[in-house]
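Structure first, then comments.
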Ligand SMILES: [Zn+2]
C-alpha cells in the first residue's frame, strides 16, 4: 500500500477529513503525511492524529504565512512538535520577489527558515522543504546550520540534476508530486531516472497539483497512485516495487 508523503487535508474540515481517513485501506493507502502551515492547521492535525493513527503530521511556518507575529507563532508551534513526525513545510519561496525591492521579505524568510531548522535539530526531527526559485539560498542555509541532509526531504522536487545530486549524495530525499505527469515539467523525469529509488518518495500535495489525467479537478491523496505509476514507468520497474520502496522510504524518513 502507498503512503502520500505530503499533502493537506484542512480544506476538508474535521468531518470530511475524518470520512476520508476512515477509508484509507480501501483506497490502497497505508498512511498520509500532512503538513500544517500555520497555527490553525497545527491544532487541527494534532486533534485528528489522536483519532486516526495512520495520519502523521508535520508542523511548520510556511514561508508565505510569515507575519510580524512569527516569533509568537514559532513559540506556539513548539507545543505541537513533541507529537509531530517532522518540521514542515518550511523553506523559501522567492517566486516573483527575487529582486531588490523585496530584500527585506527574502531576508525574513531566510531568518524564519533558519530558526525552524534549529528547532528541528533541537527536537531531533526531519524537515520537509518547500523550495520555489530559491534552491541556492536553501542549500547555503542548510550548509551553515550544519543540518544533517539525511533528515531533509525536498517536497515536490522540480530542481535540476545538479541540485538533485547534491541532495541525494548527502543522503537527502526527493519527493515527486503530480508535476512529473505534466508535460511542461519534463525535466523532472531526468532527475527521477537518475536518483536511486531508495531516496525517492511520492506525494500529491493535494488539494493542489492534481496529476494527469485529472488536471483541472480537485486533487486527493488517493491520486498518489498516478504519481507512483509515472515513477515506475520512468524507471522501468514494476508498479509494486515502486510502491514498496516509496512506502518504506517514507516510514524510514519519518520514523514510524
Ligand atoms: Zn504542501
Go through the range 39-71 and report how many residues are closer than 18 Å to residue 126 by Cα and part of a loop (DSSP other than H, G, I, E, B). 3
Residue among 122, 161, 108, 173 that alone is surrounded by fewer than 19 Cβ atoms within 10 Å (Cβ to Cβ) and in contact with a helix residue (DSSP H, G or I) (Cβ under 6 Å, 6 or more places away or on another chain): 161
Within the range 127-146, residues part of a loop (DSSP other than H, G, I, E, B), surrounded by fewer than 22 Cβ atoms within 10 Å (Cβ to Cβ) and touching a helix residue (DSSP H, G or I) at 6+ places or on another chain (Cβ under 9 Å) come out as 145, 146
Test: residue in the range 172-180 that is within 16 Å of the ligand (Cβ to nearest atom) and part of a loop (DSSP other than H, G, I, E, B): yes
What number goes with the only condition from (1) more than 16 Å from the ligand (Cβ to nearest atom); (2) within 26 Å of residue 193 (Cβ to Cβ); (3) not in a helix (DSSP H, G or I) that residue 124 does not pass? (2)
Quick check on my filter: what residues within the range 1-43 are within 16 Å of the ligand (Cβ to nearest atom) and over 18 Å from the mean Cα position of the chain (by Cα)? 12, 17, 40
Residue check, residue 64 against (1) under 17 Å from the mean Cα position of the chain (by Cα); (2) closer than 27 Å to residue 251 by Cα; (3) within 16 Å of the ligand (Cβ to nearest atom), all met but one. Which one? (2)
Within the range 143-171, restricting attention to residues that are closer than 18 Å to residue 245 by Cα and more than 15 Å from the chain's Cα centre (by Cα), which residue is nearest to the ligand (Cβ to nearest atom)? 168
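Every read-out reported here was derived from the displayed coordinates using simple, explicitly stated rules and does not represent laboratory data. Keep in mind it's a predicted model, so treat the numbers as computed, not measured. Note that each Cβ is placed from the backbone with ideal geometry, even for glycine, and that neighbours are counted across all protein chains shown.
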